[in-house]
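Asks: Pasting in a structure now, in structure tokens, and then I'll have a few things to ask.
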Amino acid sequence: MKFQIDDVTVYFPYDYIYPEQYSYMVELKRALDAKGHCLLEMPTGTGKTIALLSLITSYSLSKPQTSIKLIYCTRTVHEMEKTLAELKLLHNYQIKHLGPQARILAIGLSSRKNLCVNPTVLAAENRDSVDAGCRKLTASWVRAMAAENPNVPTCQFFENYERAASAAVLPPGVYTLQDLRVFGKEKGWCPYFLARHMVQFANVVVYSYQYLLDPKVAGIISKEMQKESVVVFDEAHNIDNVCIEALSVSVRRQTLEGATRNLNRISQEIDRFKATDASRLRAEYNRLVEGLALRGNLPITDNWLSNPALPDDILKEAVPGNIRRAEHFLHVLRRLVQYLRGRLDTENVEKESPVSFVASINSHAGIDQKTLKFCYDRLHSLMLTLEITDTDEFLHIQTICDFATLVGTYGRGFSIIIEPFDERMPHIPDPILQLSCHDASLAIKPVFDRFQSVVITSGTLSPIDLYPRLLNFHPVVSRSFTMSLTRDCICPMVLTRGSDQLPVSTKFDMRSDPGVVRNYGKLLLEMVSVVPDGIVCFFVSYSYMDGIINTWNDSGILKEIMQHKLVFIETQDVVETTLALDNYRRACDCGRGAVFFSVARGKVAEGIDFDRHYGRLVIMFGVPFQYTLSKILLARLEYLRDTFQIKEGDFLTFDALRQAAQCVGRVIRSKADYGMMIFADKRYSRHDKRSKLPSWILSHLRDVNLNLSTDMALHIAKEFLRKMAQPYEKVGGSGRKTLLSEEDLEKMGDGGMDDMLH
């Protein structure tokens, strides 16, 4: 269908549109017109992605003079592929209506591991090894050697791509990662470098958050993006944590041992070069004396990770004299590693600011702040000079230089925390030194400053007013949408006590109470006997899940549950979890029914959908607060209180409830779907906790369902399932329209919007 929003003709590839999608587009257009940033919360399963894509692509088609580029950031490769598949559908629809003028180039960009087509490189097991395998075949000095000696292995795909030179372009179209690999194989070109090259010409680029938020990657991939871009962060409820991880570094004993091995190897390489090719080291020294930028126009294959500091904070001056010579720089790094090793030999938890830590390094190891700042760039330059290709072997020394550069650059918003052991296992010595970033706004500030519109959107952004404070920006539009439904297909309940009227909660003083554990078990047992197909249970942590399942096993509750449904459990091993999920789906498909035990904040809670019969009920056992004794969390809370005036309790509650909403939101993925959500903890009945849930859940949480015991919840579940078993009309009876056609939208244009929705 096609319709007008003010001066923009929107092309939408389906015959009907949800009212909330229409409202979402109107708000999004307001933000684009104002060239400002916006925060939009839209319920899961209401077509957020297609609404975003159709409005932004239609906006740039209606205003060809603006040439807007869309940068769409997703969290996982799976989400990236889904987005590109939607875009392909939309693109075909636009071409059908507009002809060749609607052609765009849209590509997904991922790591070499997902795009490489060279079988010898792909044989490596992890991402770093694939990157190193690629460099061994494509680095400029390897190719120079191969030109003289044909026995030196190179990558045929990359050589063909280089030979094609300016002819190596992608024709217009929408390319998923699979399409890029197929195209690369057909042409004999390397899909990874082709995609990297085409990013600057594409109208739509879909890639991971890290490519914009992590300075090490963004400095290489995203520096060519023009200001007239619209950046979308999809599923962005955890964006503050992504920003913090991008600027945090942790150092363990293993890191220091690995760094020492790396330094010995670099030292041997320097000696070898001195004997065979001393002029190269001299040339590097002269270049550094002249203060030339380390990152001149390097060949694309040699460019390694960029500086870990943010672009505005990188010093634009010459490298200090004391680290210009390679052997002097090695001495500095050895002293730094020695100093860090001494700091890890501690029996108490220590917390220090970067300023006092740098002063301490200066007095004990004689390394000043300016030298620290240049460690990362100097290491990069040295590794290029020494022609080192197996970069995966040098991850430890990279981490140390990463740490040094960040400590030397930032004085505020960071802490250095040294812990002699993990508090949960105090008898195992495992010292760790962490440079922890507390200010999420640091990493995202360059994105807000550089691009004209940044859209932050997700199904769970409540309370929405906290995000502008955490990320320190001013949105021009901030809206939360509710779900328009023809029938009440979501049934949230708050369960506060068991059948024996004992309160249930995972509060620290109550969680191991046998009464609570028994009541949780009884709740699940009652539910498996009446709810068909799949049930998903989320626990607050792995340790709590292990403990409770063991107790249920000993008391025979688990055995009774398994008479009704099979039980599958998420573990910390990715392969095991994938297998468990696969079998869970098979059990649901064949009608046996299954229960899946999972953990809030785990992989399953973040990215797996339990739609249709895979999830008819989600039980959230407890409130998933973070581990509140964590030293890093305490330091961050203190920083948020002092800098942004956000109270500790407010932040912890906000964080726990967005995780809970994320868990229960897995159950509903379209309006034809239905599912129940049980919040099993007495704390959810308190207004200050409950009010922080997204509005689309709250609007279905009736007062009757607020303070339930197990037997009442069971009765409500039976009633709800009976109601949902009736046939239903998609378009909506009972006077409520939840699917709008083109004619409806035209009527709405005449001011009848309210009549349509009520």
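Asks: Rounded to two decimals, what ratio of Rg to Rh does segment 204-326 give with C-alpha atoms and a Kirkwood Rh?
Replies: Working: Rg = 18.6 Å, Rh = 17.9 Å.
The Rg/Rh ratio comes out at 1.04.
Asks: When the Cα atoms of segment 279-408 are enclosed in a convex hull and the volume is divided per residue, what value in Å³ results?
Replies: 120
Asks: A further question follows. Quote the charge dipole size of segment 139-276 about the Cα centre in Debye, to the nearest 20; the model charges only the Cβ of Lys and Arg (+1) and of Asp and Glu (-1).
Replies: Using only the charged Cβ atoms, the result is roughly 520 debye.
Asks: A follow-up question, please. Can you list residues whose amide H is under 5 Å from L740's amide H, if they're 5+ apart or on another chain and H is modeled 1.01 Å from N?
Replies: I17, Y18
Asks: For segment 670-727, compute the orientation-averaged projected area of the C-alpha convex hull (one quarter of its surface), in nm².
Replies: 4.5
Asks: Work from the charge dipole of the chain (Cβ charges, +1 for Lys and Arg, -1 for Asp and Glu, about the Cα centre) and give the residue of I561, W141, T551 farthest towards its positive end.
Replies: Farthest towards the positive end: W141.
Asks: Based on the Kirkwood radius over alpha-carbon pairs, what is the Stokes-Einstein translational diffusion coefficient of segment 233-292 at 37 °C with 0.692 mPa s viscosity, in µm²/s?
Replies: 211
Asks: Sort all Cα-Cα distances of segment 626-671 into consecutive 10 angstrom bins from zero, then give the percent of pairs in each bin up to the one containing the longest distance.
Replies: 24, 41, 21, 12, 2
Asks: Let me ask something else about it. Where does each of S695, S166 land when they are ordered by accessible area, with a 1.4 Å probe and the largest first?
Replies: In descending accessible area the options line up as S166, S695.
Asks: Alpha carbons only, please: Rg and Dmax for segment 1-158, in angstrom.
Replies: 21.4, 66
Asks: Over all pairs of distinct alpha carbons, what does the Kirkwood formula give as the hydrodynamic radius of segment 450-595, in Å?
Replies: Final number for the Kirkwood radius of segment 450-595 is 18.8 Å.
Asks: Among 143-154, 477-488, how do they line up from the highest to the lowest mean number of other beta-carbon atoms within 10 Å?
Replies: The most tightly packed comes first, giving 477-488, 143-154.
Asks: Suppose a student asked you for the relative contact order of the chain, using Cα pairs under 8 Å spaced at least 6 residues apart; what percent would you report?
Replies: 17
Asks: Only residues of segment 495-509 count here: report those whose backbone N is under 17 Å from the spot 7 Å along Cα→Cβ of V530, or say none.
Replies: 495-501
Asks: Can you give the charge dipole size of the chain about its Cα centre, rounded to the nearest 20 debye, using +1 on the beta carbon of Lys and Arg and -1 on the beta carbon of Asp and Glu?
Replies: Result for the chain is approximately 400 debye, rounded to the nearest 20.
Asks: With every protein chain in place, what's the accessible area of D573 (1.4 Å probe, Å², nearest 10)?
Replies: Counting only protein heavy atoms, the figure is 70 Å².
Asks: Sticking with this structure for a sec: Highest mean first, what order results for 628-638, 212-222, 661-671 on Cβ atoms within 10 Å?
Replies: So the order, starting with the most tightly packed, is 661-671, 212-222, 628-638.
Asks: So, one more: Ranked from highest to lowest mean number of other Cβ atoms within 10 Å per residue, what is the order of the peptides 606-614, 369-377?
Replies: Sorting 606-614, 369-377 by mean packing, highest first, produces 369-377, 606-614.
Asks: In Å², and per residue, what accessible area does the chain have when probed at 1.4 Å with the other protein chains present?
Replies: Accessible area per residue, the chain: 41 Å².
Asks: Taking the alpha-carbon set of segment 531-636, what are its Rg and Dmax in Å?
Replies: Reported Rg and Dmax, both Å: 14.7, 50.
Asks: Would you mind estimating how fast the chain diffuses translationally, via Stokes-Einstein at 10 °C and 1.306 mPa s with the Kirkwood radius over Cα pairs, in µm²/s?
Replies: So the translational diffusion coefficient is about 55 µm²/s.
Asks: A further question on this structure: For segment 86-223, what are the per-bin percents of Cα-Cα distances with bins 5 Å wide, up to the bin holding the maximum?
Replies: Spelled out per bin, shortest first, that is 2, 9, 17, 19, 20, 15, 9, 5, 3, 1, 0, 0.
Asks: Rounding to the nearest 10 and keeping the result within 0 to 90°, find how far the Cα-based axis of helix 441-450 lies from the longest principal axis of the chain.
Replies: The angle comes out at about 80 degrees.
Asks: GluC sites (Glu not before Pro) within segment 373-442: which are DSSP loop residues with at most 12 other Cβ atoms inside 10 Å?
Replies: E423
Asks: For segment 60-148, what is Rg from Cα atoms divided by 2.2 N^0.38 Å, rounded to two decimals?
Replies: Here the Cα radius of gyration is 1.56 times the empirical estimate.
Asks: Calculate the translational D of segment 583-713 in whole µm² s⁻¹ from Stokes-Einstein, where the hydrodynamic radius comes from the Kirkwood formula applied to all Cα pairs, the temperature is 4 °C and the viscosity 1.567 mPa s.
Replies: Working: Rh = 16.5 Å.
The diffusion coefficient I find is 79 µm²/s.
Asks: Determine one quarter of the surface area of the Cα convex hull of segment 396-453, which equals its mean projected area, and express it in nm² to one decimal.
Replies: Taking the Cα atoms of segment 396-453, their convex hull projects to 6.0 nm² on average.
Asks: Could you please put K559, K88 in sequence from largest to smallest accessible area, using a 1.4 Å probe?
Replies: Descending accessible area places them as K559, K88.
Asks: Additional query: When the solvent-accessible surface of protein heavy atoms is calculated with a 1.4 angstrom probe, in what order do K136, K565, K747, K507 fall, highest first?
Replies: Numbers: K136 95, K565 10, K747 120, K507 70 Å².
The ranking, largest first, comes out as K747, K136, K507, K565.
Asks: Determine the alpha carbon to alpha carbon distance for each of K2/K445; K603/K631; K69/K747; K48/K227; K48/K445; K113/K223 and list only those over 30 Å.
Replies: K2/K445; K69/K747
Asks: For the pair D390 and T276, how long in nm is the line joining their label points, each one 7 Å along Cα→Cβ?
Replies: Inter-label distance under the simple model: 1.5 nm.
Asks: While we're on this one: With the contact rule set at Cα under 8 Å and sequence spacing of 6 or more, what percent relative contact order holds for segment 61-179?
Replies: Numbers: 86 pairs, mean separation 38.1, N = 119.
Relative contact order, segment 61-179: 32 percent.
Asks: Could I ask something else about it? Out of all DSSP beta bridges with both ends in the chain, state the antiparallel percent to the nearest 5.
Replies: Among the beta bridges of the chain, antiparallel pairing accounts for roughly 25 percent.
Asks: Another question about this same structure. Suppose each label sits 7 Å from its Cα in the direction of the beta carbon; what would the S140-T628 distance come out to in nanometres?
Replies: In this crude spin-label approximation the distance works out to 5.6 nm.
The values are calculated or read from the model by the stated rules, or taken from the named source; none is laboratory data. Source: prediction; values computed, not measured. Counting neighbours? That spans all protein chains shown, and the Cβs are built from the backbone with ideal geometry, glycine included. SASA here: full protein model, heavy atoms, side chains in, ligands and nucleic acids out. Shrake-Rupley method; radii C 1.70, N 1.55, O 1.52, S 1.80 Å.
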